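Single-structure report; data block below.
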Amino acid sequence: MARPARAAFVTLLATALCAGLVSSARAVPASVRTGAAQAPAVLAPLTTEGAAPTAAGVGAALAAILKDPSLGPHHGIYVYDASRGKPVFSVGASTPYTPASTLKLLTTVSALSTLGPDHTFATKVVSTGKGSIVLVGGGDPLLAVKQANDYPARATLQALAASTAKALKAQGVASVTLGYDASLFTGPAVNAHWEANYVPEGIAAPTSALWVNEGRVSPGMARRSPSPPLAAAVSFQKLLQQYGIKVAAAPKAALAPSTAALLAQVKSPTLGQIVEYINLHSDNDGAETLLRHVGIATGNGGSYVGGVKGVRATLTKLGLDVSKAIIYDGSGLTRANKVPLDLLAGAVRVAVSKDHPELRHLLTGLPIAGFNGSLRERFTTAGTATGLGLVHAKTGTLTSVHSLAGYARDRTGTLLVFAIASDSVPVPKTLDARAALDRATAALANCGC
């Protein structure tokens, strides 16, 4: 499926900035936002690393913003000069913060590191005997009933049912019993550290290795099925019947033997594409699925506890210090998570590194200020215009919590990686605090200091 033009532009821009192919991120065409000026015919090549930022210079640029009372008593920022490979400025960074959804950076960078960006997840149908089939979940977070007009193109139960019906008819089989196997993931489907209202209100689904539309009862709606794997099997049953295969009874949970013959399968988008989707849209369910895949890939098992162990081990292998981090989930939904700002920035820092090209999808999937994802409607207040199109960051939002972590290339060409957060925002000041974070990161893009 072709990517929408606007999405294609911002992803190409992100890739160029990360790779240092654009001398200054100020080459973003004004016509993209205003329809006025045209982009230059040729962009000047990058010839320097930009001016070396100083702690005093960055501090001066941020001083007034960091005094904004809307940020509350516990707020801080960490800034790293990726062009020279060294920290340049931090304030209030000595204690960890509730990261909210910026935690997804740790989960997704770990998934890319353990599985690789080209990895895919297969949903299969296997034969367990004459006229007996099992639908086997492979942990595809984006599996859908039918194809929708979005990016990336999904694996669908419709395609799987069509292939399965064709294979069965070739064997002379017109009626089957249907089982479903979601055993790839283990342990509780709902994180014990989540608020009690998260699943009932559709903020998150019970995490499953087999679901469609992330467990939603209807695509795009919040309400979730109490049993996502059963709901997926029922949808598959209906599709099989549309393709001329009778299903003799209601689907039942089953364990498919490893020796069962494969009838059909569909594969997910690549992990790199899935990571882009999760970070762009702050997809809680997708992040929880990847957490469990990290647990499996690292030998810690497919529970959320095993996933957290896997994330911590993977981040450590990447050279990041997790000793002060407290992590309980993959999405950042629980307030019990506490993560240092240098660790949040560290996920971006290793993805920027020339040593880790396999992690680049972490960068290309970050929302772009004023353009897409969870930053589409941001950077509209006074003092934020210098960050439009130039700040690439994962957002984090819970009540009283706001955070941003990502990167920006400043006006001299230096690539700055940052994490900024407050987890003590007075509730009436939530929009003011969010605007203060936008101003701070816009100031970094305008810095050259």
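The values are calculated or read from the model by the stated rules, or taken from the named source; none is laboratory data. Not measured: the values here are computed from a predicted model. Cβ sites come from the backbone with ideal geometry, for glycine too, and all protein chains shown count toward neighbours.
Key figures
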item	result
Qualifying position, being touching a residue at least 40 places away in the same chain (Cβ under 8 Å), outside any loop (DSSP other than H, G, I, E, B) and assigned by TED's automatic domain parsing to the domain that holds Ala408, among Leu362, Leu333	Leu362
Failed criterion for Ser208 (all others in (1) farther than 19 Å from Asp181 by Cα; (2) hydroxyl-bearing (Ser, Thr, Tyr); (3) at pLDDT 95 or above hold)	(1)
Count of segment 246-263 residues which are assigned to a strand (DSSP E or B) and either touching a helix residue (DSSP H, G or I) at 6+ places or on another chain (Cβ under 7 Å) or not hydrophobic (A, V, I, L, M, F, W, C) (or both)	4
Filter result for the condition that a residue is assigned to a helix (DSSP H, G or I) and under 30 Å from Gly57 (Cα atoms), over Thr102, Thr95, Thr107, Thr114	Thr102
Qualifying residue in segment 348-360 (condition: surrounded by 19 or more Cβ atoms within 10 Å (Cβ to Cβ) and small (Gly, Ala, Ser))	yes
Residue within segment 129-150 that is of a type in the set (S, T, N, Q), under 28 Å from Ile296 (Cα atoms) and within 24 Å of the chain's Cα centre (by Cα) present	no
Evaluation of Gly413 against (1) in contact with a Leu (Cβ under 8 Å, 6 or more places away or on another chain); (2) surrounded by 24 or more Cβ atoms within 10 Å (Cβ to Cβ); (3) not in a helix (DSSP H, G or I) (one fails), failing number	(2)
Test: residue in segment 192-204 that is within 18 Å of Val145 (Cβ to Cβ) and among the hydrophobic types (A, V, I, L, M, F, W, C)	no
Subset of segment 123-173 [of a type in the set (Phe, Trp, Tyr) and assigned to a strand (DSSP E or B)]	none
Residue list for segment 310-329, filter: assigned to a helix (DSSP H, G or I) and not charged (D, E, K, R)	Gly310, Val311, Ala313, Thr314, Leu315, Thr316
